[in-house]
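Engineer: Here it is, the structure, as structure tokens.
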Amino acid sequence: MLATKTNNPTGACIYDCFAQGIEAYFAFRNSEGGVHGRQLKLTSKIDDQLGQNQQSALQIITANDTFGTFSAAQLPTGWGDLAKAGIPQYVWAIQPAAMVGHDDIWGNAGITCLECTARYYPYGAKIVGATHIAAMGYGISDSSKRCAQSVRDSIELYAPETGQQVVYFNDALAFGLPNGIGPEVSAMKRAGVDMIVSCFDLNGQKTLAQELQRQGMPDVRILHPNTYDEKFVREADGLFEGDIVQVSFRPFQADPGDSGLADFQKWMGETGAEISEVAMIGWINADIAYQGILAAGPSFTRQSVIDATNKITDFTAGGLVPPLDWTRMHDSPTQADPKTHGPAQECASFVQVKGGKFNLVGGTAEKPFVCWSNANRDWTDPTLTSFD
């Protein structure tokens, strides 16, 4: 495992939580006999210290004593080296540019088109009845910057159907908001903003929420593309009350149904680990590894596992994520063509902070995902969906 612990600037539990999810999944499968009679083990955990991902990747390649690599990296400079060496990689898919074109890198989601529009942004605003939207991102982070641009473009594209408009936009903020965000919040107040979609890390979201409170704007909702961390939200002492959080997998608050959610919850408990968003990412990635090894047969090699994994057309991690078709999803979809390399449906799930806890909104406990067909990008009411 290659992940960031030292110098982690995000405020999220990454290294430890990622490992906990992987190890809980391995314990689950090993209790059933492992795979092809072998036990699954996470034998090496490396801290890339944020800026040493490539050096750490070269260390893995040189040692050559592990089969594959799980990675949760903010700066994935070593993913290309691992791919060139033919080492299977299972990654937290928040850095899609580092995944594109590598048929031996798989994520908890497909490769996201960061600059493409998405219907879940205006739908999230619709949940709370917001019509005057602000979009904000960090200038130094390509993914954050393009996220903010996607929010702006999405609201504008669907404005005729939703009645929403972007009244404030800023994609050039300093990472972590070291100088605060007072002038920007003042500008949003003058513009009549009633909802902010902020492509920030957890610490940045907290700084924003504190400034909204300070300027007498506690009723302005934030749509978070992350912050699915109940402990963090609870300890913020009401700062995020009423906010909406987008979740990329079946939320913990949903009915498990026939999905793998019950197994995840059971084995996180069995291994003494705390349930978290990044632990779920580790669990999903571990399932990709398991399914690929299983499909490759008992005499598997790295290459045979790569080949077998790339024949999987409907990976859902047991109903935890919308279907991934790895025969065609190693390249990015585009605005003009969302379907060739993208998922068949655009899906998301949402929770809202109420009383310091997350509550499902948008979908239902049985069907927590809201989905739109990717045959085109037209605005429609979403279909409530479950993949269990």
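The values are calculated or read from the model by the stated rules, or taken from the named source; none is laboratory data. All figures in this text were calculated on a predicted structure; none of them were measured in a lab. We place every Cβ from the backbone using ideal geometry, glycine too, and count neighbours over all the protein chains shown. Keep in mind that these areas ignore ligands, DNA and RNA; they rest on the heavy atoms of the full protein, side chains included. Shrake-Rupley method; radii C 1.70, N 1.55, O 1.52, S 1.80 Å.
Engineer: Could you work out how far helix 261-270 tilts from the main Cα principal axis of the chain, as a 0 to 90 degree angle to the nearest 10?
Structural biologist: Helix 261-270 sits at roughly 70 degrees to that axis.
Engineer: Would you mind finding the longest exposed-site-free stretch of the chain, with exposed GluC sites (Glu not before Pro) meaning DSSP loop and at most 16 other Cβ atoms within 10 Å?
Structural biologist: On the way: sites that count: Glu32, Glu115, Glu274, Glu366.
No qualifying site falls inside 116-273, the longest such stretch.
Engineer: How big is Rg to Rh over the chain, alpha-carbon atoms, Rh as the Kirkwood inverse-mean-distance radius?
Structural biologist: Values: Rg = 20.3 Å, Rh = 21.3 Å.
Ratio value, two decimals: 0.96.
Engineer: Would you work out the relative contact order for the chain, in percent, from Cα pairs under 8 angstrom that are 6 or more residues apart? Before the final figure, lay out the partial values.
Structural biologist: Values: 810 pairs, mean separation 69.7, N = 388.
Across the chain, relative contact order equals 18 percent.
Engineer: To continue, here is another question. Give the aspartates and glutamates whose C-alpha is closer than 18 Å to that of Lys339, dropping any in the same chain fewer than 8 places away, or say none.
Structural biologist: Excluding near neighbours in sequence, the set is Glu115, Asp314, Asp325, Asp331, Asp378.
Engineer: Ser332: net charge of surrounding residues, Cβ under 13 Å, Lys/Arg +1, Asp/Glu -1, itself excluded? Mind showing how you got there, number by number?
Structural biologist: Values: positive: Arg146, Arg328, Lys339; negative: Glu115, Asp331, Asp337.
Local charge sum for Ser332: 0.
Engineer: Can you tell me the orientation of helix 202-214 relative to the chain, as the angle in degrees between its alpha-carbon axis and the longest Cα principal axis, to the nearest 10?
Structural biologist: Helix 202-214 sits at roughly 20 degrees to that axis.
Engineer: I need the per residue convex hull volume for segment 112-199, using only the alpha carbons, in cubic angstrom as a whole number. Spell out each step's value before the answer.
Structural biologist: Working: hull volume 7.2 nm³, N = 88.
Cα convex hull per residue, to the nearest whole number: 82 Å³.
Engineer: Which shape class applies to segment 330-371: rounded if a/c is under 1.5, otherwise prolate when a/b exceeds b/c and oblate if not, where a ≥ b ≥ c are the square roots of the Cα gyration tensor eigenvalues? Numbers along the way, then the final one.
Structural biologist: Working: a/c = 4.09, a/b = 2.71, b/c = 1.51.
Prolate shape, in that a/c is at least 1.5 and a/b is the bigger ratio.
Engineer: Then there is this: I'd like the orientation of helix 277-296 relative to the chain: the angle between its Cα long axis and the longest Cα principal axis, in ° from 0 to 90, rounded to 10.
Structural biologist: 40
Engineer: Still on this structure: How charged is the neighbourhood of Glu277? Take every other residue with its Cβ under 14 Å from the Cβ of Glu277, and add Lys/Arg as +1 and Asp/Glu as -1.
Structural biologist: On the way: positive: Lys231, Arg250; negative: Asp16, Asp201, Asp229, Glu230, Glu274.
Spelling it out: positives minus negatives among the neighbours equals -3.
Engineer: Still on this structure, I have one more. Using only alpha carbons, build the gyration tensor for segment 59-150 and give me the equivalent ellipsoid semi-axes, biggest first, whole Å.
Structural biologist: Details: eigenvalues 230, 33, 21 Å².
Computed over segment 59-150, the values are 34, 13, 10 Å.
Engineer: If you don't mind, another one. For the chain, what is the accessible area per residue in Å², given a 1.4 Å probe and the full set of protein chains? Could the numbers behind the result be given before it?
Structural biologist: Details: 15330 Å² over 388 residues.
On a per-residue basis, 40 Å².
Engineer: Tell me, how many Å apart are the Cα centres for segment 245-291 and for segment 88-158?
Structural biologist: So the separation of the two Cα centres works out to 22 Å.
Engineer: Tell me whether segment 239-344 comes out rounded, prolate or oblate; compute the Cα gyration tensor, take square roots of the eigenvalues as a ≥ b ≥ c, and use a/c under 1.5 as the rounded threshold. Could you put the intermediate results ahead of the total?
Structural biologist: On the way: a/c = 2.44, a/b = 1.22, b/c = 2.00.
Verdict is oblate for segment 239-344.
Engineer: If DNA, RNA and ligands are ignored and the probe is 1.4 Å, what is the ranking of Tyr123, Tyr228 by accessible area, most exposed first? Let's see the in-between values first.
Structural biologist: Numbers: Tyr123 30, Tyr228 10 Å².
My answer, sorted largest first, is Tyr123, Tyr228.
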